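Colleague: Mind looking over this structure? Questions follow.
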Amino acid sequence: MHARNAAIWYASDGYEPESKGINGRRVAGASFLKGFLRHGDVDEFVSVSQSNRGHAAFAAALAQTRPEITHRAVHTSQLARLAPVGALYFPSPNFAQQCWQRQAYGMARYSICGITHTTATQGVMRGVFDLRAGPQAEWDGIICTSRAVQQSMLRNMEIADDFLRARFGHVPPRPQLPVIPLGIHCDEFAHDAPARAALRNRMGWGDDDIAIVTLSRLLPYGKFDPGPVFLALEQAQARLGQTKRLHFLACGTFSDNYSEKVFRDCAAKLMPSVSFEHLPGDDPQARKETLSAGDIFVFPIDNIQETFGLAPIEAMAAGLPVITSDWDGMRDTISHDVGIRVPTTSTSAAASRPEALGYLSEDLSYGQYGNRLSMMTAIDLPKLVEAVGQLASDKALRDKMGQAGVARARRLYDWRAIIPQMQDFWAELTTIRETQLGPSQDARHNPVGPLPMDLFRSYPSQTLGHGQTRLIAAGTPEQLDVIFAARAYDKLGQPAEKQTTFEALLRALSRHGDQGASLSELSEELGLNPLSVERGCAFLLKYGLAARKDP
């Protein structure tokens, strides 16, 4: 059972869209966590966090789903305690830092599993290089949510490997890169007839009004350019004439005033015959009404920021036919029976060199980088017009595709179907790790996190020795209290050892009198870790509370 389990690295930025802001990565993270806690076939759930708040948030989520399953909390500084669970799940492809943390315990101690979300940022692209140059192993993996993003990750690794091979002559095995899609909770998106009636009545839409809806962050430079879409809707309306009246409803958040102005100005100038409506994307009821009141769902992505596309899956679960661009993850999710994928065209690799250099040199922001590439990505406009017209004029086809979408979403994209695939992959990583001759478990030397007093061993005159050094008491616990209060170590937080440890060592030395005691004797007598004894005695020497016994 432990082989199919993974400890969940919990940071609020990865799982809390309500407090950190709605974006696809956080929405997907929150949905995954709920899905794993609900459907995970495990004996215990393990959270990994740097704070008690993170563990508490994880425990609260578990209490709402399966409180009968044990929860174990592991601090990020104590990852050796993951065992017997064999994998650590990290909600990003950027886990080079976690590989270096593992190095303290040995590369073969556990596997690390990341997952792709947006992969176009400089942070992720550089993170791939850092991963390949760091202590990543073939028993690690990155879940790729679509075949397209798998290919882009492979290409990023090939480029990194070519550089490393040319410079150093060798590269390690790559991590595993399976394709496992994101999931949703299908029941949460089921069609709601009262919600449909409520919104359509408010809008004044009749039976011959066709609501074309989308759920998205409304970023013209980071999600999709509304201009071509609005041109297509205007042309489709002209073809439909008086038979059908088109309306465009965008449910989402405008991240800035610029984005809202672009959407509203483009709507007014490019599709004057089609109404433009907006509902807030951070309102759950608005999202439910949008999917229920809609007749056609559109997701015309033309931006490299997207990798999968959760919203079309949600629309399928709601019974809507879907029109998407033929772009990254939608190529996997939108089959011909549930919707229409419209072809896309972009430039050659060589033509995008200015964007690569501009983004790398920070002459271009991430928004400008994505915006410029979007400007050179075309969704086939005539085919988009044709797709809208075809679905708008054929209710039977809309119904048929909608029903097929519900079935496809439940069969392939409900977390009930996805979580077992992830658990199987974690078990596969464990098998790879256990059957390989991995490095020694004792991997203390870490180039990005060396033992400080190994790195700086030339600084002091001498070091404490556990066998020969004998100490005698030279002060009292009362003096220790005065020193600790005056020095205010606790105010700074994270003292080298607790005051109670120093006091226990001082009292033990006092009991040994003039004979003193060695560090080893103190460790055995007090049942303390030998390294804690060494650390504590160094402090006692620092403040004259202990002294070396002359040989």
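Colleague: Suppose we filter SER273, SER255 for residues that are without any contact (Cβ under 8 Å) to a residue 40 or more places away in the chain, among the small types (Gly, Ala, Ser) and under 28 Å from THR118 (Cβ atoms); which single one remains?
Modeller: Answer to the selection: SER255.
Colleague: Is there a residue in the stretch 10-26 that is under 19 Å from the mean Cα position of the chain (by Cα), at pLDDT 95 or above and not assigned by TED's automatic domain parsing to the domain that holds PHE254?
Modeller: Scanning the stretch 10-26 turns up at least one residue that is under 19 Å from the mean Cα position of the chain (by Cα), at pLDDT 95 or above and not assigned by TED's automatic domain parsing to the domain that holds PHE254.
Colleague: How many of the residues making up the stretch 341-374 are part of a helix (DSSP H, G or I) and buried (at least 18 other Cβ atoms within 10 Å of the Cβ)?
Modeller: Residues that pass the stated criteria total 7.
Colleague: Looking only at the stretch 311-338, count how many residues are among the polar types (S, T, N, Q) and in contact with a strand residue (DSSP E or B) (Cβ under 7 Å, 6 or more places away or on another chain).
Modeller: Residues that pass the stated criteria total 2.
Colleague: Would you confirm, using the coordinates I've provided, whether THR377 is closer than 30 Å to MET316 by Cα and either over 29 Å from the mean Cα position of the chain (by Cα) or surrounded by 14 or more Cβ atoms within 10 Å (Cβ to Cβ) (or both)? Don't jump to the end; show me each part of the working.
Modeller: Details: closer than 30 Å to MET316 by Cα: yes; either over 29 Å from the mean Cα position of the chain (by Cα) or surrounded by 14 or more Cβ atoms within 10 Å (Cβ to Cβ) (or both): yes.
Yes, satisfied.
Colleague: Hey, among ARG4, ARG26, ARG53, ARG38, which residue is out of contact with any strand residue (DSSP E or B) (no Cβ under 8 Å at 6 or more places or on another chain), under 18 Å from LEU429 (Cβ atoms) and of a type in the set (Lys, Arg)?
Modeller: Criteria check complete, one pass: ARG4.
Colleague: Continuing with this model, one more query. Taking the stretch 488-498 on its own, how many of its residues are in a helix (DSSP H, G or I) and modelled with pLDDT of 90 or more?
Modeller: 0
Colleague: When you scan the stretch 239-247, do you find a residue that is in a helix (DSSP H, G or I) and either surrounded by 13 or more Cβ atoms within 10 Å (Cβ to Cβ) or in contact with a helix residue (DSSP H, G or I) (Cβ under 6 Å, 6 or more places away or on another chain) (or both), even just one?
Modeller: Yes, there is a match, as at least one residue in the stretch 239-247 is in a helix (DSSP H, G or I) and either surrounded by 13 or more Cβ atoms within 10 Å (Cβ to Cβ) or in contact with a helix residue (DSSP H, G or I) (Cβ under 6 Å, 6 or more places away or on another chain) (or both).
Here is a yes/no grid of residues against (1) more than 23 Å from the chain's Cα centre (by Cα); (2) closer than 22 Å to ALA250 by Cβ:
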{"site": "SER152", "(1), (2)": "no, no"}
{"site": "ARG165", "(1), (2)": "yes, no"}
{"site": "VAL171", "(1), (2)": "yes, no"}
{"site": "LEU199", "(1), (2)": "yes, yes"}
{"site": "GLY206", "(1), (2)": "yes, yes"}
{"site": "ILE212", "(1), (2)": "yes, yes"}
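Colleague: Let me confirm something: among ARG433, ARG408, which residue is among the charged types (D, E, K, R), at pLDDT below 95 and closer than 30 Å to LYS34 by Cα?
Modeller: From the options ARG433, ARG408, the qualifying one is ARG433.
Colleague: Moving on. Mind checking whether some residue in the stretch 508-524 is basic (Lys, Arg), more than 44 Å from the chain's Cα centre (by Cα) and part of a helix (DSSP H, G or I)?
Modeller: yes
Colleague: Just to check your reading of the model, which residue among MET376, MET453, MET401 is in the same structural domain as ALA211 (by TED's automatic domain parsing), more than 20 Å from GLU234 (Cα to Cα) and free of Cβ contacts under 8 Å to residues at least 40 places away in the same chain?
Modeller: The match here is MET376.
Colleague: Within the stretch 155-173, is there a residue that is modelled with pLDDT of 95 or more, closer than 26 Å to VAL27 by Cβ and in contact with a strand residue (DSSP E or B) (Cβ under 7 Å, 6 or more places away or on another chain)?
Modeller: No, that holds for no residue.
Colleague: Also, I was wondering about something else. Output the residues belonging to the stretch 539-551 that are in a helix (DSSP H, G or I) and surrounded by 15 or more Cβ atoms within 10 Å (Cβ to Cβ). Spell out how you get there, then give the answer.
Modeller: At the first step, the residues of the stretch 539-551 found to be in a helix (DSSP H, G or I) are 539-542.
PHE539, LEU540, LEU541 - these are the residues of the stretch 539-551 that are in a helix (DSSP H, G or I) and surrounded by 15 or more Cβ atoms within 10 Å (Cβ to Cβ).
Colleague: Contact list please: Cβ distance under 6 Å, first residue in the stretch 62-73 and within 15 Å of PHE36 (Cβ to Cβ), second residue modelled with pLDDT of 95 or more and small (Gly, Ala, Ser), pairs at least six apart or on different chains.
Modeller: What qualifies is HIS71/ALA59.
Colleague: Please state which one of LEU471, LEU528 is in a loop (DSSP other than H, G, I, E, B) and modelled with pLDDT of 90 or more.
Modeller: LEU528
Colleague: Okay, next question. Considering each of ALA104, ALA73, ALA63 in turn, give the residue that is over 17 Å from GLN176 (Cα atoms) and out of contact with any helix residue (DSSP H, G or I) (no Cβ under 9 Å at 6 or more places or on another chain). So that I can check it myself, show each step before the final result.
Modeller: On the way: ALA104 fails: out of contact with any helix residue (DSSP H, G or I) (no Cβ under 9 Å at 6 or more places or on another chain); ALA73 fails: out of contact with any helix residue (DSSP H, G or I) (no Cβ under 9 Å at 6 or more places or on another chain).
The unique qualifying residue is ALA63.
The values are calculated or read from the model by the stated rules, or taken from the named source; none is laboratory data. Since this is a predicted model, take the numbers as computed values, not measurements. We place every Cβ from the backbone using ideal geometry, glycine too, and count neighbours over all the protein chains shown.
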